[in-house]
Amino acid sequence: MSHYSQTLFDVVLIEPEIPNNTGNIGRTCVGLWSRLHLVGPLGFSIDDKQVRRAGLDYWPNLDLVYHPTRQSWLKSLEPGQRVHLIETTGEKTIFDIEFRPGDALVFGKETKGMPSDILGHFEDHVYRIPFPGKIRSFNLANCVAMVMGEALRQLIQAGYTTGIDRSRLKL
């Protein structure tokens, strides 16, 4: 059951390892009416004070779902739900996605990326965030924020406003 009048996205973290990233991502999910799915095993305790500190006082408002295994998460997907894997190996970029409410935005663990079984399951839905600089990747929390920002921009541009207070968007 969503805490929000409308859930925009399902953000899925596969085996996250760094509590601060998860806390920051949780805060972003609260701000963008999105459900956070944590797929275990986790590299930390969900009660870790670093998670709560990064999520600040927003953590109690987070719509959070825990899946103990990747298989349990896969079984939880809604029929027809669109799944977008965000991974540095993607040939297409996030700008090739036409985002819709209800999309699942999936991110792999910080040190190893997306597990091969998940990549194989959604091989036609792997996207990367393009970057011109000399780095291997962005921080996970920043990746989630970039993808969700682009997704929200697309929804607003397409006229999606269900339940959104447009005055808060400063358009």
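Just so you know, all these numbers are worked out from the coordinates, no wet-lab data involved. Everything numeric in this text was worked out from a predicted model, so none of it was measured. Don't worry about glycine lacking a Cβ; one is built from the backbone with ideal geometry, like all the others, and counts go over all protein chains shown.
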- Relative contact order, percent, the chain [alpha-carbon distance under 8 Å, six or more residues apart]: 25
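How large is the helix-only mean residue ellipticity at 222 nm for the chain, computed as the sum of -39500 (n - 2.57) over DSSP H runs with n ≥ 4, divided by its residue count, in deg cm²/dmol to the nearest 500?
Numbers: 5 runs with 51 residues, N = 171.
After summing the helix terms and dividing by the residues of the chain, the value is -9000 deg cm²/dmol.
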- Task: With springs connecting C-alpha atoms under 10 Å apart, model the chain as a Gaussian network and identify which of Gly102, Gly31, Gly159 has the largest mean-square fluctuation.
- Result: Gly159
- What ranking, highest mean first, results for peptides 124-137, 83-96, 17-30 when packing means the other Cβ atoms within 10 Å averaged over each residue? 17-30, 83-96, 124-137
- Query: If amide H atoms are built 1.01 Å from N in the plane of the peptide, which residues on other chains or at least 5 residues away come under 5 Å of the amide H of Phe122?
  - Reply: none
- Item | Modelled FRET efficiency - R0 22 Å, Leu74 with Ser116, Cβ distances, 0.05 increments | 0.95
- Item | Listed residues Gln71, Gly26, Gly90: farthest to the positive end of the dipole of the chain (Cβ charges) | Gly26
- Message: Explain nothing, just the number: relative contact order of the stretch 89-152, from Cα pairs under 8 Å at least 6 residues apart, as a whole percent.
- Response: 51
- Query: Which ³J(HN,Hα) values in Hz, rounded to whole numbers, follow from the phi angles of the stretch 84-96 under the Karplus curve 6.51 cos²θ - 1.76 cosθ + 1.60, where θ = phi - 60° and Gly and Pro get x?
  - Reply: 10, 8, 10, 8, 4, 8, x, 7, 8, 10, 4, 7, 8
